[in-house]
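These notes concern the structure reproduced below.
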Protein chains: 4
Amino acid sequence: MNTDQKAGAKVWYIPDCYYPSISSPGHYVSHEAVCVLNPGKQDAHITLTLYFEDREPMRGFQAVCKAERTNHIRLDKIKDANGNVVPQGVPYAIMVESDQPIIVQYSRLDTTQAEMALMTTMAYPVK
Amino acid sequence: MNTDQKAGAKVWYIPDCYYPSISSPGHYVSHEAVCVLNPGKQDAHITLTLYFEDREPMRGFQAVCKAERTNHIRLDKIKDANGNVVPQGVPYAIMVESDQPIIVQYSRLDTTQAEMALMTTMAYPVK
Amino acid sequence: MNTDQKAGAKVWYIPDCYYPSISSPGHYVSHEAVCVLNPGKQDAHITLTLYFEDREPMRGFQAVCKAERTNHIRLDKIKDANGNVVPQGVPYAIMVESDQPIIVQYSRLDTTQAEMALMTTMAYPVK
Amino acid sequence: MNTDQKAGAKVWYIPDCYYPSISSPGHYVSHEAVCVLNPGKQDAHITLTLYFEDREPMRGFQAVCKAERTNHIRLDKIKDANGNVVPQGVPYAIMVESDQPIIVQYSRLDTTQAEMALMTTMAYPVK
């Protein structure tokens, strides 16, 4: 078996982000997640930068993905150091930066119009 | 942290495009988006070429993604210099060309049969 | 602008194929498509090989994607030289081979349980 | 035609896994699948490792994908040597290791809130 636990990349991009402002009644609320896997032996310290269509980027959303752990970072729950949250109802994009190699997948669950819709894709790595 | 803001590619392909001609009543209309992220320091000038199954390509749909911005290009709203729009209800494909490195993701929201369905994928880059 | 129209690959793989045997009443029927884009100047001659869980592969499903055209190959409609069709209700996988470089995306629309669900991904290229 | 049947990779990662604990009445149950294609001439012996947010990885889930076959590994059905199953309702991630080159795609069908939602992506290969 392959034992290279250093696989992955340190910078990933997700162009299509959108935090729906509506959730229909039901089990799920509309949300997005930046899903990180850290297969390595050292904790990964992660910074998210948010890009918008008509304003300056928001920088400095922090997260940790411990060694040999996953972290499904919920974008409806994350806050920066000043308590800012991800804005709802506007198109945005994300750059994910890590000090350790990680693998990043982005998913969105939208229940604006019940029942629900799902989408996912690997993020785009800088190799 | 990685400071290479030049990441991305200048040509991207999306084979599966389709602009549904039906939308059910609700919050969303059926639509597609070519979601662009420009993490660099210079504005990106973008041209879309549309390929069809049985006719010549339509060229010259223009867009801009400013430096450190995202642009979620709505394909139901874009027009070429002659006012032509994306045709509905026919299979097509897109080539995205940019004068700066960008990252491109394609998404479709279909409400033909309510409630709604979502799909997304990174486009295919020429490296 | 980039003028390399030779981009793409000649072999692509799609591990998760499934042709639902059920469609709910509505505008759409459940179906899969292998969406091909040929941005080059020469017609692409394409062969699909189907892999199954417990039987020999089915070979020799043919299609053409003309120069500067797309072909959204409907898997519910394609037939091999002997008139065989894609079997319904069983897991399978596809290898796409082409004599010209192409780009391949796979999508499925499932209306087994109305309303509808969509999924898509770029296929995996051999580079 | 290309005859390189050795294409693929031996290690693949899937950061966003989730086994829903709820299924609505209907044809489908909520489930995930790790869809493997082995286009080569030798059987592939596969091991899945599961990563979590707050506990040690679960190792040693085994599967086989025979030569020139596909295996859509259902994560709601797989068991390790001790009879352990994939836990429901918690975020996790998967590393797929194989002794032969394979191609891996991950899909999820969620019927928590009827009707149903689908998502898919190629896994991330170590090349």
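The values are calculated or read from the model by the stated rules, or taken from the named source; none is laboratory data. From a predicted model like this one, the values you see are computed outputs, not experimental measurements. Don't worry about glycine lacking a Cβ; one is built from the backbone with ideal geometry, like all the others, and counts go over all protein chains shown. Heads up: the accessible areas ignore ligands, DNA and RNA and are worked out on the full protein's heavy atoms, side chains in. Shrake-Rupley method; radii C 1.70, N 1.55, O 1.52, S 1.80 Å.
Some values worked out for this structure:
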item: All strands (runs of 3 or more DSSP E) inside the range A:27-127 with 2 or more residues being within 14 Å of chain D (Cβ to nearest Cβ) and buried (at least 18 other Cβ atoms within 10 Å of the Cβ); result: A:31-38, A:44-52, A:69-74, A:91-110, A:117-122
item: Test: residue in the range D:100-109 that is touching a Leu at 6+ places or on another chain (Cβ under 6 Å) and closer than 22 Å to residue A:105 by Cβ; result: yes
item: Checklist (1) in contact (Cβ under 8 Å) with a residue 12 or more places away in the chain; (2) farther than 30 Å from residue B:63 by Cα applied to residue C:56, failing item; result: (1)
item: Residue among B:30, B:107, B:21 that is at pLDDT below 95 and in contact with a Cys (Cβ under 7 Å, 6 or more places away or on another chain); result: B:107
item: Any hit, the range B:60-67, residues being at pLDDT below 95 and charged (D, E, K, R); result: no
item: Test: residue B:10 is open to solvent by 20 Å² or more (accessible area, probe 1.4 Å) and facing chain C (nearest Cβ under 9 Å); result: yes
item: Single condition residue C:30 does not satisfy, out of (1) among the hydroxyl-bearing types (Ser, Thr, Tyr); (2) over 30 Å from residue D:30 (Cβ atoms); (3) touching a Pro at 6+ places or on another chain (Cβ under 9 Å); result: (2)
item: Unmet requirement for residue D:19, which otherwise passes all of (1) touching a residue at least 24 places away in the same chain (Cβ under 8 Å); (2) open to solvent by 10 Å² or more (accessible area, probe 1.4 Å); (3) more than 14 Å from the chain's Cα centre (by Cα); result: (3)
